[in-house]
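Heads up, the thing below is written out as structure tokens.
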Amino acid sequence: MKMRKIACLTPAVAGLMLLTACGQGGGDAGDEASGASGENATAALPNGMTVQEQIEARQKKLENIGGAFKTISDQLKSDSPDVAAIQTAAATVPAEATGMADWFPEGTGPDSGVETEALAIIWQEKEDFLSKISDMQNAAATLNTTAQGGDVAAIGEAFKATGGTCKACHDKFRLDD
Ligand code: HEC
């Protein structure tokens, strides 16, 4: 693909078109500066929340889910698991994960200027993302039902299965930390 170089020779044109008109090499420089300023943080979403509120709300929910998950993990590792604590935590996961499909509206990604570990690929592969949410919600519901039954070995299996659904999403859609 040949580009006509003539545009690059005219300072006025080159200035107006920034570097992109000249392609070759320096074309991406202009993109990096945009999007990280935080100016989008207070923009209103269709659901009435600001971008920042939405991102912080989902992070809080996920933190609660993570906390409940850790409680279950710790108890399962214990010599005498506290089944009541597991049951409470297992009920927390599906409750906190309710409505998760609505936590990632357009505009709440890495370009929002708000600190987030959500990757842009969420909005490029929305269907896969949503299906991974369903997988987790289904597994968490089963984990909860199993936990209420009180059989620790069965809880261990359901916990592992649920953990796999968290990881399947994080591996693809969440920034590595
Ligand atoms: C469909 C995708 C998906 C699934 C399923 C999922 N997560 Fe996440 N999780 C994310 C994304 C994306 C973020 C980053 C959110 C952000 O920073 O805006 C995240 C962030 C988190 C965080 C960090 C929250 C914070 O900012 O403090 C924890 C903890 C977490 N997830 C735990 C879990 C656990 C436990 C499960 C399974 C029960 C799970 N997640 C299932 C996508 C997912």
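Miscellaneous remarks
- Pairs are defined by a Cβ separation below 6 Å, a sequence spacing of at least 6 or placement on different chains, a first member in the stretch 53-66 that is polar (S, T, N, Q), and a second member that is part of a helix (DSSP H, G or I); the pairs so defined are Asn64/Glu96.
- Filter result for Ser131 (more than 16 Å from Leu62 (Cβ to Cβ) and near the ligand (Cβ under 9 Å from one of its atoms)): yes
- Qualifying residue in the stretch 145-153 (condition: surrounded by 17 or more Cβ atoms within 10 Å (Cβ to Cβ) and near the ligand (Cβ under 9 Å from one of its atoms)): no
- If the condition is being free of Cβ contacts under 8 Å to residues at least 60 places away in the same chain and of a type in the set (S, T, N, Q), then the stretch 145-175 contributes Thr145, Thr146, Thr165.
- Of all residues in the stretch 113-134, those that are in a helix (DSSP H, G or I) and open to solvent by 40 Å² or more (accessible area, probe 1.4 Å) have Cβ atoms under 7 Å from Cβ atoms of residues that are more than 6 Å from the ligand (Cβ to nearest atom) and not charged (D, E, K, R), 6 or more apart or on another chain, in Trp123/Gly109; Leu130/Ala101; Lys132/Ala168.
- Filtered by the rule that a residue be of a type in the set (D, E, K, R) and in a helix (DSSP H, G or I), the stretch 49-107 gives Glu53, Glu56, Arg58, Lys60, Lys61, Glu63, Lys70, Asp74, Lys77, Glu96, Asp102.
- Residue within the stretch 132-144 that is within 30 Å of Thr42 (Cβ to Cβ) and of a type outside the set (Ser, Thr, Tyr) present: yes
The values are calculated or read from the model by the stated rules, or taken from the named source; none is laboratory data. Please read these numbers as outputs of a predicted model, since none were measured by experiment. Methodologically, a virtual Cβ is constructed for each residue, glycine included, from the backbone with ideal geometry; neighbour enumeration extends over all protein chains shown. What goes into the accessible areas is simple: the full protein's heavy atoms, side chains included, and nothing from ligands, DNA or RNA. Shrake-Rupley method; radii C 1.70, N 1.55, O 1.52, S 1.80 Å.
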